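Q: Shown below is the structure under consideration.
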Amino acid sequence: MKPAPTVKLNNGYEMPILGLGTYNSKNNEGELAVKHAIDIGYRHIDTAYFYQNEAEVGKAIRDKIAEGVVKREDIFLVTKLWNIHHDPKHVEVACRKQLCNFGLDYIDLYLMHMPVGYKYIDEETLMPKDENGVLQLSDVDYLDTYKAMEQLVKIGLVRSIGVSNFNSEQLLRVINNCEIKPVTNQVECSPAINQKKLAAFCKQHGVTLTAYTPLGKPNPDEQKPEFLYAPKVKAIAEKYNKTPPQIVLRYLVELGVLPIPKSSNAGRITENFNIFDFELTEEEKSVLDGYNTGERMVPLNLIKGQNHKYYPFAIEF
């Protein structure tokens with residue numbers, strides 16, 4: 001299969017419109033998943049410090065470069081600054097550590113994982129909790145964090161920067177107060193929470209929207225989420241000789257968002273990529289629109305209950 005089409009970012013770089021998500025892909029499993037993905041045409045690979053698999057992802061990329069399958073410039077590697085590193089003094093140190101993890105000399109896109117920072121205890125404590133199990137948050141202003149990320153572009157460690165889990169007001173505050181415009185906002189986006197308003201807002205400001213958890217969290221036993229198991233969606237899939245997940249990913253691409261479905265299963269990685277040989281009709285897209293309940297799979301509940309000033313989901317979009 002040939003690589004996915006790309007979209008031109010606001011800084012001139014090209015980002016493939018479909019990527020491989022690697023959350024929970026650890027050890028050898030993660031390495032094999034990335035290698036298979038590159039072999040079949042994926043060029044956009046998404047990971048994060050929090051996933052603790054940057055070494056495996058980096059090894060897979062380096063091995064595929066060594067084999068001559070790709071060049072470094074063919075790969076669009078995305079990773080994220082974790083929430084314990086929001087204090088500006090930690091940002092460059094964290095990024096350099098992540099580059100060491102990858103064994104590469106630059107990152108294509110570096111995202112702030114969330115607008116809310118966590119208390120820094122040490123490098124190993126990714127989820128700092130007190131004796132009652134309450135997550136310890138920090139009050140570092142995400143603008144200060146973002147400005148430290150801008151320095152990473154200036155010194156050549158990263159090519160593009162962006163944000164994740166930001167709402168429209170938070171995104172606009174970054175755009176209005178920082179030098180380098182974010183190239184993307186990576187948020188949960190699926191037919192259940194199609195983010196049309198946030199996507200339109202991002203587009204208006206020249207920012208792409210990347211969709212994590214684009215297939216929800218498939219649960220065949222409970223036939224959830226409904227949009228993957230509904231007879232109407234199955235009928236659309238049969239019409240195109242595709243599967244319901246392929247219909248969902250195609251729907252998101254046609255909405256103008258960039259899905260990064262996560263899988264470690266070679267068959268599903270291949271299936272998820274094979275969505276560029278058909279288009280949905282307006283009627284079919286409106287069927288998918290019908291599943292938009294706004295319900296999140298990732299509501300950030302550990303932050304939500306603390307009324308933190310930067311909790312992102314307190315407004316409509």
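Q: Could you state how much accessible area residue 268 has, in square angstrom rounded to the nearest 10, with a 1.4 Å probe and all protein chains kept in place?
A: 130
Q: Taking Rh as the Kirkwood radius, which is the inverse of the mean 1/r over Cα pairs, what is the Rg/Rh value for the range 6-133?
A: 1.00
Q: Of 178, 100, which has the most accessible area and how do the rest follow, probe 1.4 Å?
A: 100, 178
Q: A further question on this structure: Summing +1 for each Lys or Arg and -1 for each Asp or Glu, what net charge is found among the other residues whose Cβ lies under 12 Å from the Cβ of residue 274?
A: +2
Q: Go through (1) 21.3, 74; (2) 18.0, 54; (3) 18.9, 55 and flag the label whose value is the computed Rg and Dmax of the Cα atoms in Å for this structure.
A: Evaluating Rg and Dmax of the Cα atoms in Å on these atoms matches (3).
Q: Can I ask one more? Ranked highest first by the average count of other Cβ atoms within 10 Å around their residues, in what order do 247-253, 12-18, 149-155 fall?
A: Result, highest mean first: 247-253, 12-18, 149-155.
Q: Long-range amide H contacts for residue 210: which residues qualify at under 5 Å (H placed 1.01 Å from N, peptide plane, sequence gap of 5 or more or a different chain)?
A: Result for residue 210 returns 185, 186, 187, 258.
Q: Something else now. Of the GluC sites (Glu not before Pro) in the range 278-308, which ones lie in a loop per DSSP and count no more than 13 other C-beta atoms within 10 Å?
A: Values: sites: 279, 282, 283, 284, 295; in loops: 279, 295.
Of the GluC sites (Glu not before Pro), the ones in loops of the range 278-308 whose Cβ has at most 13 other Cβ atoms within 10 Å are 279, 295.
Q: Place +1 on the Cβ of every Lys and Arg and -1 on the Cβ of every Asp and Glu in the chain, take the dipole about the Cα centre, and give the residue among 32, 305, 209 whose Cα lies farthest towards its positive end.
A: 209
Q: Still on this structure: To the nearest 10 square angstrom, what accessible area does residue 85 show with a 1.4 Å probe?
A: 0
Q: Which order do the peptides 304-313, 112-121, 181-190 take when ranked by the mean count of other beta-carbon atoms within 10 Å per residue, highest first? Present the calculation step by step, with values, prior to reporting the outcome.
A: Working: 304-313: 15.6, 112-121: 22.2, 181-190: 25.0.
Packing order, densest peptide first, comes out as 181-190, 112-121, 304-313.
Q: Multiplying the sequence separation of residue 32 and residue 254 by 0.36 nm and subtracting their Cα-Cα distance, what value in nm do you get?
A: Length gained, residue 32 through residue 254: 77.0 nm.
Q: Quick one: length gained pulling residue 132 to residue 314 fully straight, 0.36 nm per residue minus the C-alpha distance?
A: Value of the extension gain: 63.0 nm.
Q: How many Å² of accessible area per residue for the chain, probe 1.4 Å? Please list the in-between numbers first.
A: Details: 13800 Å² over 317 residues.
Per residue, the chain has an accessible area of 44 Å².
Q: What is the distance in Å between the Cα centres of the range 272-292 and the range 217-263?
A: The range 272-292 and the range 217-263 have Cα centres separated by 8 Å.
Q: With θ taken as phi - 60° and the coefficients 6.51, -1.76 and 1.60, list the Karplus ³J(HN,Hα) couplings across the range 169-184 in order, rounded to whole Hz; mark glycine and proline as x.
A: 5, 5, 4, 5, 5, 5, 4, 6, 10, 10, 7, 9, 5, x, 8, 8
Q: State to the nearest 20 debye the size of the charge dipole of the chain about its Cα centre, where the only charges are +1 on K and R beta carbons and -1 on D and E beta carbons.
A: Dipole size: approximately 340 debye.
Q: Compute the FRET efficiency between residue 74 and residue 277 as 1/(1 + (r/R0)^6), taking r as their Cβ-Cβ distance and R0 = 25 Å, and round to the nearest 0.05.
A: The calculated FRET efficiency here is 0.70.
Q: Just report the Cα centroid separation between the range 167-212 and the range 1-48, whole Å.
A: Taking the Cα centre of the range 1-48 as reference, the centre of the range 167-212 is 20 Å away.
Q: Summarise the accessible area of the range 59-153 (1.4 Å probe, protein heavy atoms) by the percent that is carbon and sulfur. Intermediate results must be reported in sequence, preceding the final value.
A: Details: 1840 of 3880 Å².
Using a 1.4 Å probe with all protein chains present, the range 59-153 comes out at 47 percent carbon and sulfur.
The values are calculated or read from the model by the stated rules, or taken from the named source; none is laboratory data. Quick caveat: nothing in here was measured; it's all calculated off a predicted structure. Quick reminder, even Gly has a Cβ in these numbers, built from the backbone with ideal geometry, and neighbours come from all protein chains shown. The accessibility values were calculated without ligands, DNA or RNA, using every heavy atom of the protein model including side chains. Shrake-Rupley method; radii C 1.70, N 1.55, O 1.52, S 1.80 Å.
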